1. Tell me, which strands (runs of 3 or more DSSP E) wholly within the stretch 1-59 include 1 or more residues that are of a type in the set (D, E, K, R) and under 16 Å from the mean Cα position of the chain (by Cα)?
2. Could you tell me which numbered condition L172 fails, if it satisfies all but one of (1) in contact with a Ser or Thr (Cβ under 9 Å, 6 or more places away or on another chain); (2) under 25 Å from N24 (Cα atoms); (3) in contact (Cβ under 8 Å) with a residue 40 or more places away in the chain?
3. Where residues in the stretch 36-92 are open to solvent by 80 Å² or more (accessible area, probe 1.4 Å) and among the acidic types (D, E), which of them is modelled with the lowest pLDDT?
4. Collect the residues in the stretch 7-35 that are open to solvent by 40 Å² or more (accessible area, probe 1.4 Å) and of a type in the set (V, I, T), keeping them in residue-number order.
5. Of the residues that make up the stretch 140-160, is at least one in contact (Cβ under 8 Å) with a residue 60 or more places away in the chain and surrounded by fewer than 17 Cβ atoms within 10 Å (Cβ to Cβ)?
6. Mind checking which residues of the stretch 182-210 are over 16 Å from I139 (Cβ atoms) and in a loop (DSSP other than H, G, I, E, B)?
7. So, in the stretch 98-136, how many residues would count as being over 14 Å from N205 (Cα atoms) and in contact with a helix residue (DSSP H, G or I) (Cβ under 9 Å, 6 or more places away or on another chain)?
8. Restricting attention to the stretch 69-97, which residues are within 19 Å of N7 (Cα to Cα) and free of Cβ contacts under 8 Å to residues at least 60 places away in the same chain?
Amino acid sequence: DVMRLFNPGSSPLTTSVLARTRDNKVYTGNLTIPSGEAATLDDIIMHLTPILTNTVVTMWFTSQEGERLPLIGARTFTEPAGGGTYGQAVPIYHLFPPESVPTTLWVEGAEHDGVQNGFRTNLTVINPSPSGWGSGKGITLTLLSGSGQTYTRRLTDFGARQYNRYNPITELFNLPKEAPLGAFTLKVEVDAGVLALVGCSVNDNLTNDS
């Protein structure tokens, strides 16, 4: 995996780091980047406590009021037996306060053909806020399959910066992994006051490329 945090300013920049694993273990630290220099993923890990081992994490970077954040770029890759690499970009989000009214988001372009042939899709749902969603508050996800079937699931009561992964997406809707959803659309209805990130990772079942 590759990650770089660059400080474009004329003075050192300090950012607070919070990393959370899929099982919601928390790692924290502070990282100072000299002017005009970059920090790598190894630099970040060195400053986290407790010690972070090889796992999947979501990271948050925050700065003091009035100070800028570093420029951030990230990607992940796999080295196949035949040489070379393949992989995917890692999205970077600038967070804003949640909306005061209900909103609707859409996720388009994913496909799930089972786990043997074609493509499979994994789903990630994150509460990026430093506070929980609140009792009974959350999001409603509706999957519109390529064959016209509709499946709905409600998610509520996520804790602060909680990260849930559904491998594959059928797990969320209590469907078998081999369910042929085809190219589908995901509708995400977000309650007022709720902050949510929802994303899909589409993987080739033959190569595992994403």
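1. Hits in the stretch 1-59: 13-21.
2. Answer for L172: the failing condition is (1).
3. Among those that are open to solvent by 80 Å² or more (accessible area, probe 1.4 Å) and among the acidic types (D, E), it is E79.
4. Listed by number, the residues that qualify are T14, V26, T28, T32.
5. Within the stretch 140-160, one or more residues are in contact (Cβ under 8 Å) with a residue 60 or more places away in the chain and surrounded by fewer than 17 Cβ atoms within 10 Å (Cβ to Cβ).
6. Once the filter is applied, which keeps residues that are over 16 Å from I139 (Cβ atoms) and in a loop (DSSP other than H, G, I, E, B), the stretch 182-210 yields N205, L206, T207, N208, D209, S210.
7. 1
8. Once the filter is applied, which keeps residues that are within 19 Å of N7 (Cα to Cα) and free of Cβ contacts under 8 Å to residues at least 60 places away in the same chain, the stretch 69-97 yields L69, I92, H94.
The values are calculated or read from the model by the stated rules, or taken from the named source; none is laboratory data. Keep in mind it's a predicted model, so treat the numbers as computed, not measured. With ideal geometry, Cβ positions are generated from the backbone for all residues, glycine too; neighbour counts draw on all protein chains shown. Ligands, DNA and RNA are stripped out before the accessible areas are found, and what is left, the full protein with its side chains, is counted by its heavy atoms. Shrake-Rupley method; radii C 1.70, N 1.55, O 1.52, S 1.80 Å.
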